[in-house]
Structure formats: C-alpha cells, structure tokens
Amino acid sequence: MTTSMPSRRVSASAPAKINLVLHVGSPDITGFHPLLTAFQAVDVWDTVTLTESATMSIECRAGFDASMVPLDDSNISWRAIELLRAHHHLDANVSIEIDKTIPIAGGMAGGSADAAATILAATTLWETDVPLHELFDITRALGSDVPFSMVGGQAIGRGRGDVLQSIDVEQPLHLVVVMSDGHLSTPKVYAELDRLRAEQIKVPDALDEDFLDAWRRGDAEALAPLLHNDLEPAALSLMPQLGNTLDQVTAAGALTAMVSGSGPSVIGLARSAKHAAEIEAALKGFGLRAISTQSTPRSAHLQQGPAGQTGSPE
C-alpha cells in the first residue's frame, strides 16, 4: 500500500503597528505623500499558514466581522505569493489561511502584517535564499507599511514610510486599542487631508528630540503630550463619531488618546500594564471593544511546531 506524504505547512506571525508620530507632507508629482513617522509594533498579531496545494486558495478566520477581507487574488497575501513565485520563477501553489487579530481597515497595518507573514512563511516553505535587500524590494512593491511589518520593533520611517531607521528602547509602552465597528479607506483619508489643507505642507527634517528621548526611555508621562497624527483631522472629518471615542478613552483614564494611523482604531497611552487593564475595563463598561496591550520588540517570525515543522501560533 502506498502512503502519500503529508503536505508541508508553515506558519508565520507579524505584529500590528501604530504611529506614535505621523507627519504627512503634501503629495509629490507621483501622487504619494512623503512621511516622517515613528513606527511602533504592538503585541497584537496576525498569523498566516501556508500549505502546499495543487491550487491556490485563501480563507480568513477572525473573532470579529472579517467580510471585508478579499478571498481571491486581490488579497495582499495572495499578491505576495504571486510576487515571490515570479521572483523565483516557481510554479507552486499554496492554500493560505489567515488568522486575524489585528483590526481590518483600522489604521494598524493588518494587511501589511499579513503580507509580511506570508513572505516569511513562503520563503521558508520553498527554502529560497533571498538576500535582505531583494526581500525588502518585494515588501515595498506590496505597500509602504510592509517593510516595517517585516522588521517590527520600533523605527523611524521616512519617504513613503519604507525607509527605516531602527530605534532601541529601554522599556515597553502600555496601550489600549479601541476598535471601531466602522472602517476607513486609507486613500480616502489621505484625500480628505489634502482637501482640508489650504497650503502645501513639507514634513519636518527630523522627529522632535524630546519625543525621541521619551520614546527611547519608555516614559509614557513625558511621551503623552508629544504624540501626533496629521491624519487625525481627516479621519474625524470622515467619521465624526471618533471624537466621542477619543473623549471616552481620556475619560477612562488614558494619559492621551489619538486616532491610529488613518483610523478608525483609537489608541490610549497608559502608565503601566495595570493602568492599561483599568482603562480597558472602563472602556468595556462604556460598551466599546477595547484591548490592553504593549509595545513589542519582536519582528515577523515563524511559529514553531513539532518535528521542525511550523504550526499553530504561540
């Protein structure tokens, strides 16, 4: 009797991100907005599992409504597979399983995290040896946030957000993330920002030194008044109810509250893990979907399973 070999299977996870500071310039001649931002990975993860298959397929699981996630070749994880196959001249199919924890269209780069996890899992599954600079070219082709989703931790982002300078920090930051039942399109938020502005805006040459010092030390009290998001007015213009959420987060005791990236997720800064848990409880009492978390130094990584294979998330 012939026994078929089980299909090889690899899982990888990548973190959500927030922008502690986000400066957005007016669009250049290509239509892209130059950025200066402080990227921070947070301990909220999506996991992508790839299994060798005769045909391409994709599914998504989440503890919330994930109907916005496309289940065809328009999905960013599927596009990542196509780019890698073309790069390596491979004729290989996979089934893609996405386990989502990061909010969808919430300003926390969930799609970019999925792409980063997919790239890491695929290069392991296919045992390809890709120089780092080539891998980053592939991530940039998928989106400006994907390079940071791959490296995680914390970094200053310039250009389109894909030119990264890593930052070392001494202590984690403690945060509360409030997820919205609505969604905001990132391109529409940028377009609204351009509509609201009356003049051409250039990004600063560097981040504020007081901000950098507080960030490196993990000093939430000093950091709170220095958080900034140029996209927040545009997000509030498109979804005015976010103003109520911001007020509720500060009323729950956060040191400050801010829209995350293009929104509509809102973040609150806490003094400690205990303080973050207290804010989370208060926000749930208001009927909001809130989770307490912290910053993480980790990058996209494989999930190790038995016998050297990779399996379910840690």
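Readers should treat all values here as calculations from the given coordinates under stated rules, not as data from a laboratory. Computed from a predicted structure; not experimentally measured. All Cβ positions, even for glycine, are placed from backbone atoms using ideal geometry, and neighbour counts span all protein chains on display.
Computed from Cα atoms, the angle from the helix 242-251 axis to the main principal axis of the chain rounds to 70 degrees. Rounded to the nearest 5, the antiparallel percentage of DSSP beta bridges internal to the range 9-166 is 85%. Principal-axis analysis of the Cα atoms of the chain puts helix 76-88 at an angle of about 50° to the longest axis.
Work through the residues other than Ile18 whose Cβ is under 12 Å from its Cβ and net out their charges, Lys, Arg +1 and Asp, Glu -1. Result for the neighbourhood of Ile18: -1. Prolate is the label for the range 1-86, because a/c, from the alpha-carbon gyration tensor with a ≥ b ≥ c as root eigenvalues, is 1.5 or above and a/b exceeds b/c.
Take every Cα pair under 8 Å whose residues are at least 6 apart in sequence, average their separation, divide by the length of the range 214-289, and the relative contact order is 27 percent.
Note on Lys100: lysines with a C-alpha under 29 Å away, same-chain residues under 8 apart excluded, are Lys17, Lys188, Lys274, Lys284. Charge dipole of the range 2-140 (Cα centre as origin; +1 on each Lys and Arg Cβ, -1 on each Asp and Glu Cβ, all else neutral): 200 debye, rounded to the nearest 20. Here the contact order of the chain, divided by its residue count and restricted to Cα pairs under 8 Å and six or more residues apart, works out to 26 percent.
Relative to the longest principal axis of the Cα atoms of the chain, the long axis of helix 132-142 makes an angle of roughly 70 degrees.
Work out how much length Asp65 to Ser237 would gain on full extension: take 0.36 nm times their residue separation and subtract the Cα-Cα distance, in nm to one decimal.
59.5 nm
Could you work out how much longer the chain between Glu127 and Asp219 gets when fully extended? Use 0.36 nm per residue separation minus the Cα distance between them, nm to one decimal.
That works out to 28.9 nm of additional length.
Each Lys and Arg Cβ is given +1 and each Asp and Glu Cβ -1; about its Cα centre, the range 174-294 then shows a dipole of about 420 debye. Normalised size of the chain, defined as Cα radius of gyration per 2.2 N^0.38 Å with N residues, equals 1.01.
Across the chain, the longest run free of exposed loop sites, meaning chymotrypsin sites (Phe, Trp or Tyr not before Pro) lying outside DSSP classes H, G, I, E and B with no more than 16 other Cβ atoms within 10 Å, spans 65-285. When the range 54-212 is described by a simple charge dipole with +1 on each Lys and Arg Cβ and -1 on each Asp and Glu Cβ, the residue from Pro147, Leu71, Gly110 located farthest towards its positive end is Leu71.
Summing Cβ point charges (Lys, Arg +1; Asp, Glu -1) relative to the Cα centre of the chain gives a dipole of roughly 340 debye.
Sequence-distant contacts, meaning Cα pairs under 8 Å at least 6 residues apart, place the relative contact order of the range 9-166 at 32 percent.
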